[in-house]
Amino acid sequence: MESWSVEGPGIGNAGRFTDGFGNAAHLVNQLRPEGEINIHVRGEVTTRDSHGVLGRPSGEPVPALYRRLTEAAKAPEALYEPFRNAKENRLSICHALMARVGEELGLPEEPKAPQQMQANGGQAQVQEVAEAGEPRPPAADYAHLFIGAARALDIPARYVVGYRLVDGEDGLHAWAEALDEGLGWVGFDPHAQICPTESYVRLAIGLDAETAPTLRTVPLAEVVQVAKVSAV
Amino acid sequence: MGENTPFDEMYNADGSVREPYRALSEWLGEQPEKGLALMQADAEAIFRKLGITFAVYGSEEGTEKVIPFDVIPRIIAANEWRKLSRGIEQRVKALNAFLYDIYHRQEILKAGRIPEKLILNNAAFCPQMMGLEPARGVYAHIIGVDIVRVGPDEFYVLEDNLRTPSGVSYMLEDREAMMMLAPDLFQRSKVAPVETYPENLRRTLESVAPAGAGRNPVIAVLTPGIYNSAYFEHSFLADQMGAQLCEGQDLFVDGGKVYMRTTTGPERVDVIYRRIDDDYLDPLTFKPDSMLGVPGIFDAYRAGNVTLVNAPGTGIADDKAVYTYVPEIIEFYLGEKALLNNVPTYNCTDVDQRAWVLENIAELVVKEVHGSGGYGMMVGPTSTKAQHEEFKKKIIARPDNYIVQPTLALSTCPTHINNDVAPRHVDLRPYVLVGDEVRITPGGLTRVALKKGSLVVNSSQGGGTKDTWVLED
């Protein structure tokens, strides 16, 4: 990390703490907020492509914690049951799960999956017509489905919220990480159907979107988040 | 386990009086006709004056009631108490060690001594507590262990109550009332004092203040408010130990520290004895719509700027499904055998055990895993056939939601019933404080089932209380 700053009213007097998942957090209170509250976060981060492999960072809770099932991260049995007695290693199973989640919720437009088009051309085209114009579900849904399926197979999996550099798109993104006994934590982005690259920056982790929010308010307020990510 | 005749704490089988009850027996024999009835009427007046009431949820009559008090004390011999308190101390030490482990490295799960899923997927497990270092490593500072006696030397722990156990105010008021009602009886026996509880509570709370709190930490009792069934106790305890009684709106968090609004401006709070359930404690971390808690209080706790007593997430150690593993927990952390017995518990998710349970339901006690206060439970021998069938259906529908235990023959104590003395079933809740040391108040709260033959002692189900005497050598 080259630089990181959080600016907003009251931030100078913020309470700082580490949450149960190892995330650094700020607590700010506004006694009489008037109108909008703007919080600006600026940072410069140098990244490298590690093929999604994060390893085992220190200061994190035991990985077993991420076997806990939650309401938000659930998957239907049909999605993970075929992998229940799979002979492949965990990494291969997670890659296959990522593909299954993509098929379930819709694959990214680019690149298209040409093999599937050929093998089952007619059907895929019909599907595409039906789905044309409809936006895909948010990345959080993909991450939750992947996490729910992995946990159902006893693989610790967690939710990651962060930034992703994509031209012309808002940079806030969500994906998942699953634990491989050998490699440690490995990222999987079922929404983009890839393992995180140097275009990804992790911000916070949790069991699901509810426990890893970028911002929480009381009383509940309308929160608009915009993230601009650009390469330097 | 004494299935047939319940153990009578006053009389031996041959009708002779047991040693600890000798003075009481003589005193009872000296009471004039209607003496006990007059005393009972006085007791009623005393409790009304003290204002000690409790609320019954779902009751049609007024919500405030005076809890029935029985004028005949329950007596425990010094050697019996020594044995009991050693067992209790062992239990609370092991359970605190268990909580530390579960919220850190989880060695007991890695060792396979408790099924991982039972803990990790338990609603009472609080992931937000992971990695937190509570002062002195203590999670459960205030504990009320429910114990029943079935024989001269046989005690069983029913529940450990590590969340926010209530009833200690009854223990204190029962003693105060008893001393007013029968001062002569106290002169004949050496009774261990219970009045030290509020002072010990204060010492315990001060001993777990966060680093940097200074020599005189500020303590607040956080209550959900006047509509809570134990509000009286909250205000009573705050008053007795000289602490502030606060509701959520009286506290606020600024700069990661907790402050109390006072007439002279904000005052920093170091230790919060909170009587609000985990879920409602902090809308930022737990239930977002809670109006009872204080936004940011949990974050201030994580930042090490305040101590919450008891810690959130202690419920995982008194969960009814985890209960069966307590002997295992004691062995794992202390390397000792459990001194107090657990009640054998049948697991209804096991097909064979369930079949046996369904067949023998008329003899068994069924409890909801997350139930309390005697709600949602069934005592087989005192229930109707229709109730047996109803609970069979419930168990089949949700086997994981119930635990089943044999019906214990709870011991009986002499109890004043309609100007006569008759045996009634009792249990015992000793109160334990854990801080710089373990402090157990001698005795505790004895609850008595006033209905003949009844085994349900909860005040919400027609139970009363008794002053509990631990004799000194």
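Which residues, counting only those in segment B:196-206, are hydroxyl-bearing (Ser, Thr, Tyr) and surrounded by fewer than 20 Cβ atoms within 10 Å (Cβ to Cβ)? Working first, answer last.
Of segment B:196-206, the ones hydroxyl-bearing (Ser, Thr, Tyr) are B:196-197, B:204.
Across segment B:196-206, the qualifying residue is only B:THR196.
For (1) closer than 11 Å to A:ALA150 by Cα; (2) within 19 Å of the chain's Cα centre (by Cα); (3) at pLDDT 95 or above; (4) not in a helix (DSSP H, G or I), each residue gets a yes or a no:
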{"residue": "A:PRO82", "(1), (2), (3), (4)": "no, no, no, no"}
{"residue": "A:GLU88", "(1), (2), (3), (4)": "no, no, no, yes"}
{"residue": "A:ARG100", "(1), (2), (3), (4)": "no, yes, yes, no"}
{"residue": "A:LEU107", "(1), (2), (3), (4)": "no, yes, no, yes"}
{"residue": "A:LYS112", "(1), (2), (3), (4)": "no, no, no, yes"}
{"residue": "A:MET117", "(1), (2), (3), (4)": "no, no, no, no"}
{"residue": "A:GLN123", "(1), (2), (3), (4)": "no, no, no, no"}
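The criterion of being under 21 Å from the mean Cα position of the chain (by Cα), surrounded by 19 or more Cβ atoms within 10 Å (Cβ to Cβ), more than 11 Å from every other protein chain (Cβ to nearest Cβ) and assigned to a loop (DSSP other than H, G, I, E, B) holds for B:ILE276.
Count of segment B:440-473 residues, restricted to those that are under 14 Å from B:MET171 (Cβ atoms) and either aromatic (Phe, Trp, Tyr) or not in a loop (DSSP other than H, G, I, E, B) (or both), is 13. Looking only at residues in segment B:237-268 that are more than 14 Å from chain A (Cβ to nearest Cβ) and of a type in the set (Val, Ile, Thr), the one that is nearest to B:TYR227 (Cα to Cα) is B:THR262.
Among the candidates B:ASP427, B:ASP420, the residue that is buried (at least 18 other Cβ atoms within 10 Å of the Cβ) and assigned by TED's automatic domain parsing to the domain that holds B:TYR170 is uniquely B:ASP427. Set side by side, the residues A:ALA227, A:ALA212 differ, and just one is assigned to a loop (DSSP other than H, G, I, E, B), within 14 Å of another protein chain (Cβ to nearest Cβ) and touching a residue at least 24 places away in the same chain (Cβ under 8 Å), which is A:ALA212. Scanning segment B:175-218 for residues that are acidic (Asp, Glu), in a helix (DSSP H, G or I) and under 30 Å from B:GLY35 (Cβ atoms) yields a count of 2.
Applying the selection to segment B:279-314, what residues are charged (D, E, K, R), assigned to a loop (DSSP other than H, G, I, E, B) and within 10 Å of chain A (Cβ to nearest Cβ)?
So the first thing to find is which residues in segment B:279-314 are charged (D, E, K, R), and the list is B:279, B:282, B:287, B:289, B:299, B:302.
Still in the list and also assigned to a loop (DSSP other than H, G, I, E, B): B:282, B:287, B:289.
Within segment B:279-314, B:ASP282, B:ASP289 meet the criteria.
The criterion of at least 1 residues that are touching a strand residue (DSSP E or B) at 6+ places or on another chain (Cβ under 8 Å) and over 25 Å from B:GLY464 (Cα atoms) is met by the following strands (runs of 3 or more DSSP E) wholly inside segment B:318-417: B:402-406. Just one of the listed residues (B:ALA124, B:ALA111, B:ALA140, B:ALA94) is in contact with a strand residue (DSSP E or B) (Cβ under 7 Å, 6 or more places away or on another chain), assigned by TED's automatic domain parsing to the domain that holds B:GLU206 and small (Gly, Ala, Ser), namely B:ALA140.
Within segment B:90-143, the set of residues being farther than 30 Å from B:THR441 by Cα, of a type outside the set (D, E, K, R) and either touching a residue at least 60 places away in the same chain (Cβ under 8 Å) or more than 9 Å from chain A (Cβ to nearest Cβ) (or both) comprises B:ILE108, B:ALA111, B:GLY112, B:ILE114, B:PRO115, B:LEU118, B:ILE119, B:ASN122, B:ALA123, B:GLN128. Scanning segment A:32-84 for residues that are among the aliphatic types (A, V, I, L, M) and within 14 Å of another protein chain (Cβ to nearest Cβ) yields A:VAL62, A:ALA64, A:LEU65, A:LEU69, A:ALA72, A:ALA73.
Please specify each residue of segment A:5-42 satisfying the condition of being touching a residue at least 24 places away in the same chain (Cβ under 8 Å), surrounded by 11 or more Cβ atoms within 10 Å (Cβ to Cβ), out of contact with any Asp or Glu (no Cβ under 8 Å at 6 or more places or on another chain) and assigned to a strand (DSSP E or B). Listed by number, the residues that qualify are A:VAL6, A:GLU7, A:THR18.
The values are calculated or read from the model by the stated rules, or taken from the named source; none is laboratory data. Only a predicted model underlies this, so the values are computations on that prediction, with no experimental measurement involved. Cβ coordinates were reconstructed from backbone atoms using ideal geometry, including for glycine residues, and neighbour counts include every protein chain displayed.
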